[in-house]
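Taken together, the values in this text are just the output of simple stated rules run on the coordinates, not laboratory data. Here the structure is a predicted model, which means the values were calculated and not measured. Methodologically, a virtual Cβ is constructed for each residue, glycine included, from the backbone with ideal geometry; neighbour enumeration extends over all protein chains shown.
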Amino acid sequence: MANLSEVAIDESKLSDLSEVTATQSEILTPIEQAKTFITLVCFDRFEKPHKKLDGALAIPYDLDSVKSFGDVEENILSRTLPEQWGRIKLGHICYQTSKTMKADHYDLKSDGAIIAFISEIKCKKNLQLCVYQENDEITRASKRIRTLETESDTMNTLNNIKKKLYDNLPSCDIHVQGCLISDNGKHLKLDGDLITLWARAILIKMQGVDELTPPNIPSFDKNKYRYPTSKRSLSEVHSESLIDTTMQSTTNSTVQSVTNSAAISTAARSTLYLTLHTKKKSPLKSNIYITNNMTFQNLLNYVFPNGPPSGKRFIIKSSLEIGGQLFLPDQIINQVFKEAYSHIWIDLEDVEVKLDDLF
Ligand SMILES: [Zn+2]
């Protein structure tokens, strides 16, 4: 079983990479055709007189979903920009409503600029997005362009970075495609697009980004992290990765191996495996086989043979989110969980209750 799931993980990662490659060759999907294309141009600097550089890019935007500067920036950073632009200044995007050299550049970061930008697009045909070259870095940028001479070199470099990113990810039983785990035990599920964004940020040497630190953009924001829910059980995850493998070997990708997943969940239903998590280590122990009369206390004795530190006690919850169920140590585990693969979170709390704080 362990071997089987390892193979499935690798294959799903591979399919991720090939999907991303297809998007980057700028094939228009039906969804992109429905979007509004805005021309992106690059200037040598913001201050006038400035020079417009060769090359332009049509960036598809779904105008209804553009709400912030980050939405505009993220879409630009996920594209392959013309090589002659070199490195562009991050966090500085403007728009102009005329193509003349004297045209004003409106900074998209200023108050109300996004709303103005969206309404201008609808009436001004010549509206363009503008980015600027990173001037202090011109020497370094041109050196880098020489290193990454062709598009395919860039793709190779990008794929190598992605491979390193995947290698560095923490191991997680819940997110087979990879995830990030924060200090408080929340997970950010990573898909191919997020990994590509991260790899691009490394490629353009975005400040503060490396193979362990993702870019400081909305997609990686701390509020996107979630506690893994016990509803999405391990059996579901395993059957999902089996479907991935099946889909790769069939030519018609819409065929889904539904029978496969059904067979697995009924086979596992008669037994219970419990995975333990704590705030800082998730998972702490995976797939503990639970026998009929085992209590939570039995489990705690096994995992923490020395017991809790003095003045503290363990509490057992279905989730660390507000509203997670609390279980008492003497409850019989089998009577609590219906799913074959379930999850509990263990936390510490003070034993002593100050009655003055309550009454
Ligand atoms: Zn995870």
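Quick notes on this one:
- Nonlocal amide H pairs with Cys42, under 5 Å, H built at 1.01 Å: Leu53, Val131
- Gyration tensor verdict on the range 287-352 (Cα atoms; rounded if a/c is under 1.5, prolate if a/b is larger than b/c, oblate otherwise): oblate
- Dipole size of the range 35-137 about its Cα centre, with +1 on Lys/Arg Cβ and -1 on Asp/Glu Cβ: approximately 460 debye, rounded to the nearest 20.
- Extension gain, Lys222 back to Ser171 (0.36 nm per residue minus Cα-Cα distance, nm): 16.4 nm
- Model label sites at Leu355 and Thr36, defined 7 Å from Cα along the beta-carbon direction, differ in position by 6.7 nm.
- Residue order, fewest to most surrounding Cβ atoms within 10 angstrom, among Val353, Val336: Val353, Val336
- Separation in nanometres of the label points that stand 7 Å from Cα toward Cβ, at Ser182 and Glu211: 2.6
- Here Lys285 is the anchor, and the lysines within straight C-alpha reach of less than 16 Å, apart from those fewer than 8 places off in the same chain, are Lys317.
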